[in-house]
Amino acid sequence: MSRFLLALLLALPLAPAAAQQTAVSAFQNLLVSPIGVGVGGATAFAPTESPYAVRFNPALLADAGARPGLRFSAGLAPDAFGDQDQLIGSSALSIGMGTSVAGYPLHVGLGGGYSELNVDGVQQNGPLGIPLDPYDTEQRSYGGGLGIGWDGPIHVRIGGSSFYRESRETPRIISDRSALGRDRVTTLDLGTAITYDVLGGPDEAGEAAISLRITGGYARRNIVLQEDYFTRDDTFPSAPAPPPEAGVFGGSAAVAFTQQFGRRFRFRVARADVRAEMEKADQQDATRIGASLTLFETLVLRAGQMQRDMQEDVTSAGIGVQLDGLVRAIGAATNNPRLLSFGDRLTLRGDVARYDLGEAGETDYVGFTLGWR
C-alpha cells in the first residue's frame, strides 16, 4: 500500500481478465477508472479531457491541450471482485499545451500514471501439503504517453504510450514456496482518432443551438517491446505467454444543446453520447458499447456493456458530479461572467461506478479529478 500511496502523489491507469491469474497479462485489461467502468470500457474513441486517456487511447491525450492545464485523477475499488482482500488503485496525471499550425490550433497532451491490484493473504501449501504463512502481493503497471491533435476542417489526433507491467509475486520453485518472483513486460499502445463537427453549435453571444460531433479511429494495444519472465523450476510449466496484442476500432457520436455567453464561453445545457468499439485479439474478441448523459454540465449518468467470446456479458453503470460544471451553471443562470470564468478554469469532479462481472462478483469504484487551467 505504501507504494500505491506514493504513486498517487507522483501519479497511471489500466482493465477483464481473471484477477486470480499470476501472468502479467492478467492485469492487462483491468479497468481502473470509474469513468471507464461506467461506460463498460468503451472509451477508446470518445473525446475526453480525463488524464486516463493515456490508457483509453493515447491519441485522446491531445484533448488535454484543447483546454491547456494540469489535471490529476485517482480511482479506488476497495473490495475488488467481491473480495475484501483485493483492492484496485490507480492515479493519472496529464498536462496540455496549445499552439497553431497553418492557422489552425495544434494541441499537445502528455500523460502518465500508475495502477495496481493488491492481493492480501495469498494462501499456499508446502511440498507435503503443509500450510505456509500467507503473503501479500500486488500486480502493477506504470508508464506514460503523448498525444498530438490538429483542429483543421476535421480534428485529427495521433498518440502513443508505453507501460511497464509486473505480475504479482509467485513461487519460483516447487520445493521452496518462499522464493517468490515476478514476470515483467513492457508494452506499447498506438492510437488515432478523427472527429468531424456535423453541427457546430452556436456562433454568436446569446445564441443557443445544437451541436453534433462524430468520432472514429483505430488503436493498436499491447505491442510487446520487452519481456522478462523469471526462471522457473523444471516442475513448473513454461513461462506465460506475453500480453495478447489487439487491434481496436470503433467510434462515438455526441449531441449537445449549447448556449453561447459572450465571445468565449459555451454552456452545454444537455449532452448525450453513444460509443461502440470492437477489439480483435488472438485469444478472444470483445465488443464494448456505452452511453452517457450530462445535464447542466453537473450531473453525469453512464451505462455500458461488454461482450466477450464464450464468456458472460459484463454490465456497468456510473454517476458523476462535476462541481466545476455546477459553478458554470450558476454563472450561466445568473449571467455572472466571473463565475463562468472561474468554472471554466476549475476542474473538480467525483465519480462512482459499479462493474458486474457475473460469477467473478461486483466491483464498486470511486474516484475524483482535480485540475486548473
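In plain terms, the chain from Leu180 to Gln124 could stretch by 19.0 nm, reckoned as 0.36 nm per residue minus the Cα-Cα distance.
With all protein chains kept in place, the per residue accessible area of the chain amounts to 45 square angstrom at a probe of 1.4 angstrom. When Thr363, Thr186 are compared by accessible area at a 1.4 angstrom probe, the order from most to least is Thr186, Thr363.
Shown for the chain: the carbon plus sulfur share of the solvent-accessible area, taken with all protein chains present and a 1.4 angstrom probe, equals 59%.
Extending 7 Å from Cα along the Cβ direction at Asp197 and again at Phe249 yields two label points whose distance is 2.8 nm. One compactness figure for region 242-373 is 1.31, namely its Cα radius of gyration divided by 2.2 N^0.38 Å.
With a Förster radius of 22 Å applied to the C-beta separation of Arg67 and Val366, the computed FRET efficiency comes to 0.35.
Shown here is the pair-distance distribution of region 64-183: with all Cα-Cα distances grouped in 10 Å bins from zero up to the longest one, the shares run 12, 28, 23, 17, 11, 7, 2, 0 percent.
Quote the accessible area belonging to Phe342 in square angstrom, nearest 10, computed with a 1.4 Å probe and with ligands, DNA and RNA left uncounted. Roughly 100 Å² of Phe342 is accessible to a 1.4 Å probe.
Once C-alpha pairs closer than 8 Å and six or more residues apart are averaged by separation and normalised to the residue number of region 290-370, the relative contact order reads 25 percent.
Distance between the modelled labels on Leu295 and Arg338, one decimal in nanometres: 3.0 nm (7 Å Cα→Cβ projection).
The values are calculated or read from the model by the stated rules, or taken from the named source; none is laboratory data. Because the structure is predicted, anything quoted here is derived from the model rather than measured. Quick reminder, even Gly has a Cβ in these numbers, built from the backbone with ideal geometry, and neighbours come from all protein chains shown. When the accessible area is computed, the model is the full protein with side chains, heavy atoms only, and any ligands, DNA or RNA have been set aside. Shrake-Rupley method; radii C 1.70, N 1.55, O 1.52, S 1.80 Å.
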